[in-house]
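**Q** One structure coming up, written as structure tokens, with questions to follow.
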Amino acid sequence: MELERLQQEIGYNFKDINLLKKALTHTSYAYEKKIESNEKLEFLGDSILEFVSSKYIYENYTSLKEGEMTKVRATVVCEKSLYKVAKMHNFSDFLYLGKSEKMSGGKTRPAILADSVEAVIAAMFLDGGLNPVIDFIIDNLKDDIEIATKNVGVKDYKTVLQEKLQEHGEVVIKYNIINEKGPDHDKVFQSEVTCNDKVLATGIGKSKKEAQMQAAKKALENLKNNS
């Protein structure tokens, strides 16, 4: 494996390359080779990630309240964001996966890639201390943090739609997934939203939640156009 290339990608050269190898070792590979996986490093990396991002939000967004800071952190410190970091730095090229995991598309599985980012963060910390870890985390997440702070406190489309539809009394609002297609690691979902069994709109997204949100957004647009 070209671990030199990965080190260039993440902007850090390991003194102990075995730490980086362990961080990239999935449980499936560890089981086959009877070695230690990256699970314990993931545990440590998750805590480091929360601390560094919390400190950054606290110091740079002083107008946010405690609850708002928590929401921003939860939006950014999540599988979706870490998966994006892993893709940006081509982590999939360097993962040690077991044969069956590799055959089933493990190299593109968001959970595996996100976990490997946490493990690499822990490995960097153990190898070089907190400073390189702070640089890596902030360089990769500061833009997402900035976006999240702009949206914090803004009601989502589902909440706004519910409030709109219930202005004159209780109604039954349901979201149904009516279609899904694509492989497991790259699915597209279609959702419809109904009010008292009447279809208001449909929406498409990469997750069920996103599809529901897009359906609610479209329903709000339809209500506005028809009013």
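Just so you know, all these numbers are worked out from the coordinates, no wet-lab data involved. None of these values were measured; they are calculated from a predicted model. When we count neighbours, we look across all protein chains shown, and the Cβ atoms used for this are built from the backbone with ideal geometry, even at glycine.
**Q** Counting DSSP beta bridges in the chain, what percent are antiparallel, to the nearest 5?
**A** 95 percent
**Q** Helix 39-60 versus the longest principal axis of the chain: what angle, 0 to 90°, nearest 10, using Cα atoms?
**A** That works out to roughly 60 degrees.
**Q** Rounded, prolate or oblate: which fits the stretch 99-224, taking a ≥ b ≥ c as square roots of the Cα gyration tensor eigenvalues, rounded meaning a/c under 1.5, else prolate when a/b beats b/c? Write out the running numbers ahead of the final one.
**A** On the way: a/c = 3.97, a/b = 1.74, b/c = 2.28.
Here the stretch 99-224 falls in the oblate category.
**Q** Nearest 500 deg cm²/dmol is fine: what mean residue ellipticity at 222 nm does the chain get from its DSSP H runs of n ≥ 4 alone, each adding -39,500 (n - 2.57), divided by its residue count?
**A** Computed mean residue ellipticity for the chain: -19500 deg cm²/dmol.
**Q** Could you give me D for the stretch 3-151, from Stokes-Einstein at 25 °C and 0.890 mPa s, where the hydrodynamic radius is the Kirkwood radius over C-alpha pairs? Units µm² s⁻¹, please.
**A** 157 µm²/s
**Q** Measure nothing but the geometry: give the 0 to 90° angle between the long axis through the Cα atoms of 130-151 and the longest principal axis through the Cα atoms of the chain, rounded to 10°.
**A** In the chain, helix 130-151 runs at an angle near 10 degrees to the longest axis.
**Q** Classify the stretch 1-61 as rounded, prolate or oblate from the Cα gyration tensor: take a ≥ b ≥ c as the square roots of its eigenvalues, call it rounded if a/c is under 1.5, otherwise prolate when a/b beats b/c and oblate if not. Walk me through the numbers on the way to the answer.
**A** On the way: a/c = 3.38, a/b = 1.59, b/c = 2.13.
Cα axes put the stretch 1-61 in the oblate bin.
**Q** Within 10 Å, count the other beta carbons around each residue, average over each peptide in 19-32, 167-180, and list them highest first.
**A** 19-32, 167-180
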